[in-house]
Structures are given as C-alpha cells and as structure tokens.
1. Roughly what would the spin-label model give for ASP152 and ILE80, points 7 Å off Cα along C-beta, in nm?
2. With θ taken as phi - 60° and the coefficients 6.51, -1.76 and 1.60, list the Karplus ³J(HN,Hα) couplings across the stretch 69-86 in order, rounded to whole Hz; mark glycine and proline as x.
3. Which ordering of TYR131, TYR95 is given by a fewest-first count of other beta-carbon atoms within 10 Å?
4. Order of CYS23, CYS134 from fewest to most other C-beta atoms within 10 Å?
5. Straight distance only, please: which lysines reach the Cα of LYS40 with their own Cα at less than 21 Å, same-chain residues fewer than 8 apart left out?
6. According to a simple spin-label model (label point 7 Å from Cα along Cα-to-Cβ), what is the distance in nm between HIS39 and SER62?
7. Can you tell me which of 66-72, 114-120 comes out highest on packing, and rank the rest after it, using the mean Cβ neighbours within 10 Å?
8. Only counting other Cβ atoms within 10 Å, I'd like TYR55, TYR97 sorted with the fewest neighbours first.
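Please treat every number below as a calculation from the coordinates, not as lab data. Keep in mind that this is a model prediction, so the values were computed, not measured. Don't worry about glycine lacking a Cβ; one is built from the backbone with ideal geometry, like all the others, and counts go over all protein chains shown.
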Amino acid sequence: MFAEEGAFIITAATKHKVHVFDCNHLLEFLTATLLEETHKDGWELHAWAVLSNHYHFVGRCSDPIKMPATIRKIHSITAIEANKYSGKPGREVWYQYWDSAITFERSWLARIKYVSENPVEHGVAKRAVDYPYCSAAWMNCRFEPEFAKAIDAFDTSLLEIADAY
C-alpha cells in the first residue's frame, strides 16, 4: 500500500566518513543542491538533514527508477564544488547511498522524526529547529500542529537506519 506510492528514506555518506562539508558554504551548497535536484526529478520531500559527512531525506518519488540518477547528480555537483572550494581536485567525495522503501504510515512518521532530529542526534545542534541545514524549522511552518504532535510522539530508538557517522 504505502510503498506503491513511492515513499523512501535515503541516506548517503562521504567516503571514509570524512567531514567534507565542514563549513557553512558547503553545507548550504549541499542542502540547496539536494532540494533543487530532488524537486527537478519529481520528489516531494517530507524531511531532510544535511551534515558534514552524510545526509538523509524522506520523500515520495513518482518514478523510483529515476532515484539513482538523482543521487548521482547530487553527488557529482556537490563533489565538484567541495573539491573546488577545498582545493582538492579529483578527490572522491561520496562513498555510496542506501535507500529503503517505506511500507506503512507509522514507519513514514517515525522516519520523518528521525531525519528531522538528526542534527541533535549527532550533536551539531541543541534543537533541530535551530539547525539551518535540516527540515525541522520548515516542518514547523508547514505542518498542522496535530500532525507535528503525531510525529513527535514516535520513539525512533528502535529504527534501523545506517547512521554511524
């Protein structure tokens, strides 16, 4: 039912977990590229978090077969910029990505919470809404209070998401 609608969680990591996107310019660039390229390819994003060595996003894609091409574009564009900015041309930036189809609504809600709170989980923000490279503040403006409460109620401690960064 839910998977047929094309809901996914995506996680991507830099090679050797190196903190390549370690400044505001590169975090802003990666975030903007992620949002722009997913939008161009028909994704409807529900949550995202961009950190210095990985990112996550939850969304729906009308044509999941395009997912690898979307991720390749994001990785190519951002690797070129990161290497140019850091003076390290040719460096391999991205390692790989993982995707999981989300098969039911409770799983979707739990993953939205997990992703939106990821900056807190990794200690880069005390409150996710204060971290500019994630969707937490955007979600507060966009979602109805009842929906936000439903998301907040989920315990994410049992989720199995590749996130050892």
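1. So the two model labels end up 4.3 nm from each other.
2. 5, 4, 5, 4, 4, 4, 5, 5, 4, 6, 5, 4, 5, 4, 5, 5, 5, 8
3. Working: TYR131 23, TYR95 15.
Least to most surrounded, the residues fall as TYR95, TYR131.
4. Details: CYS23 14, CYS134 28.
Fewest to most other Cβ atoms nearby, the residues stand as CYS23, CYS134.
5. LYS66, LYS73
6. It is 1.6 nm.
7. On the way: 66-72: 15.1, 114-120: 24.7.
Result, highest mean Cβ count within 10 Å first: 114-120, 66-72.
8. Numbers: TYR55 27, TYR97 19.
Going from sparsest to densest Cβ surroundings: TYR97, TYR55.
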